[in-house]
Amino acid sequence: MTELDKRFEIAFEIASAMTDKIPPDTMLKFYAYYKQATNGKNYTKPSGESEVRNAFKLNAWFQINSLSTDDAKQKYIELVEQMTNKKIK
């Protein structure tokens, strides 16, 4: 496992444990970066009952599809660091 992968896993654990209300645009960034980091361009239909919400999720993912999986992992880590004001090592 690479250093980036380790940091990404830590960032995911931190993000998953967040309890503060997060703005919808930031939630979409989390979703898009995570999906790009883990699936690349292998798009899947978002799970959820709201078709409108699913459309927003898929659109957010499409918007960052030029990022490599490693770049998406780094962006995800940076977003977690920004939200928590803590550096992930």
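Things worth noting here:
- In the condition set (1) touching a helix residue (DSSP H, G or I) at 6+ places or on another chain (Cβ under 8 Å); (2) under 24 Å from Met1 (Cβ atoms), Lys41 is compliant with all but (1).
- The residue list Asn65, Asn85 contains one member that is at positive phi and either surrounded by fewer than 16 Cβ atoms within 10 Å (Cβ to Cβ) or in contact with a strand residue (DSSP E or B) (Cβ under 6 Å, 6 or more places away or on another chain) (or both), which is Asn85.
- Selection of segment 36-58 for residues being over 12 Å from the mean Cα position of the chain (by Cα) and without any contact (Cβ under 8 Å) to a residue 12 or more places away in the chain yields Asn42, Thr44, Ser47, Gly48, Glu49, Ser50, Glu51, Val52, Arg53, Asn54, Ala55.
- Subset of segment 10-30 [over 12 Å from Val80 (Cα atoms) and under 9 Å from the mean Cα position of the chain (by Cα)]: Leu28
- If you go through segment 1-39 and pick out every residue that is at pLDDT 95 or above, farther than 14 Å from Ala72 by Cβ and among the basic types (Lys, Arg), you end up with 1.
The values are calculated or read from the model by the stated rules, or taken from the named source; none is laboratory data. Predicted model, so just to flag it, every value in this text is computed and none were measured. Note that each Cβ is placed from the backbone with ideal geometry, even for glycine, and that neighbours are counted across all protein chains shown.
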